[in-house]
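So the structure is just underneath, and the comments pick up after that.
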């Protein structure tokens, strides 16, 4: 007999130099014609019940670990021994006495590098009938073709396994392991999901942490599930890739942690989080948070969101978006970052956040001021109400300098609104205000304009004294005399105007006063508005 070429396996190689446990099972229907599934079923029983000794000794309070090489090798039973053949018969479906059932129900199987085929519960060779009789199963570096395990009494742990097809998650009993998870370093090639139908009266409760350092090729979705622990428990240095994560109508009574991940799309809808929600240092292409309630701290520190929208969501506790980036830099077609009917009942921190595609806070409800210190916002796609909210937030905490900055941006947006209205005179005032001092944001511009206009006036006075003005505009001298006469009659300027240049002097006086006022306002706003 030629043994299987997998190290440590002593079973016969009947399928391409491998035994029924380790051979490829991509097309089970073809292999089934050769008796593969029947051979797999029998070898799995042999794998579990195999023992170097002829007799098995047993003690009820001892948990025995079984695998390819060693099986039930520990423990003693007072007053008797159990024949190994009887255990094998029991695993194969034959009835057994209480003593044998106790032996098997206390055992944990350790399967290494086994390729598990798809299964049918109606099949006489369904190997789940064997697993269900045991205490637990440790799948180590196995390849999984079946799509779910729905046996709550069976303790499970998957380590370094590959799931070739879609995988349906149920409520599991966890086999004790270092990381306290169900799946560790596993790879899922198909969709991963857990859901309860709308018509179902039962609610699926998952009370164990599921994934540690796993990889996902397709969508991960949870619908109408209650979680008592975090879905993910990754190592700090592990960078996870998720194609799409969908959470709908779920309830989280434990923490939600998802950090250092690259996610193409994240959708959370109609869900509640009763403990800390942590979404730090991620890169997320598209995120939507719709009708979500966060009862405790929300922390998305240093996460990059390419497209971002929150709608009808409530943040009861501290909310952190510090150093986050929203949108793509220099992306003219990117969607504006939108907080639609978002309610912040506690302090919200957007310190040093960057909004490359603009920000819409128009329909946001606030109980406390926002912190936007050091934030960068694209002006083109941001509306006036957003700037008014930010200005008001800085006003309330006494940060007048930042408040003045957003006041200036608010006035710019108001000027744009006036362009579409019929109020041309008001639009003129706003345009002059913007040109002279950028709505009080700049004191250098009015200072420069005063110096420049003073120099121009000086040149005009020199030209008048040299009789140059009358030479250049000699045909209009009569009209100029009439205008100067009119300017003399305007108190209190009449006596202050330069003779012969009354009207020009009056215009410069008015311009000087405007620039002076704008200069004083701009300087004042550097300290207090």
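Readers should treat all values here as calculations from the given coordinates under stated rules, not as data from a laboratory. Remember, predicted model here, so these are calculated numbers, not experimental data. Every residue, glycine as well, gets a Cβ built from its backbone with ideal geometry; the counts of neighbours run over all protein chains shown.
Length gained on full extension, residue 118 to residue 251: 44.7 nm, using 0.36 nm per residue less the C-alpha separation.
The listed peptides 258-270, 381-393, ordered by packing as a protection proxy, come out as 381-393, 258-270 (highest mean of other Cβ atoms within 10 Å first). Taking 7 Å steps out from each Cα toward its Cβ at residue 126 and residue 455 produces label points 9.4 nm apart. Applying 1/(1 + (r/R0)^6) with r as the Cβ-Cβ distance of residue 328 and residue 513 and R0 = 35 angstrom yields a FRET efficiency of 0.15.
Listed peptides 117-129, 283-295 appear in the order 283-295, 117-129 once ranked by packing, highest mean of other Cβ atoms within 10 Å at the front.
Counted residue by residue at 0.36 nm each, then reduced by the alpha carbon distance between them, the extension gain from residue 365 to residue 12 reaches 120.0 nm.
The listed peptides 210-221, 192-203, 142-153, ordered by packing as a protection proxy, come out as 210-221, 142-153, 192-203 (highest mean of other Cβ atoms within 10 Å first). Distance from the Cα centroid of the stretch 313-369 to that of the stretch 119-137 is 51 Å (rounded to whole angstrom).
Between residue 396 and residue 97, the simple label model (points 7 Å from Cα in the Cβ direction) yields a spacing of 7.8 nm.
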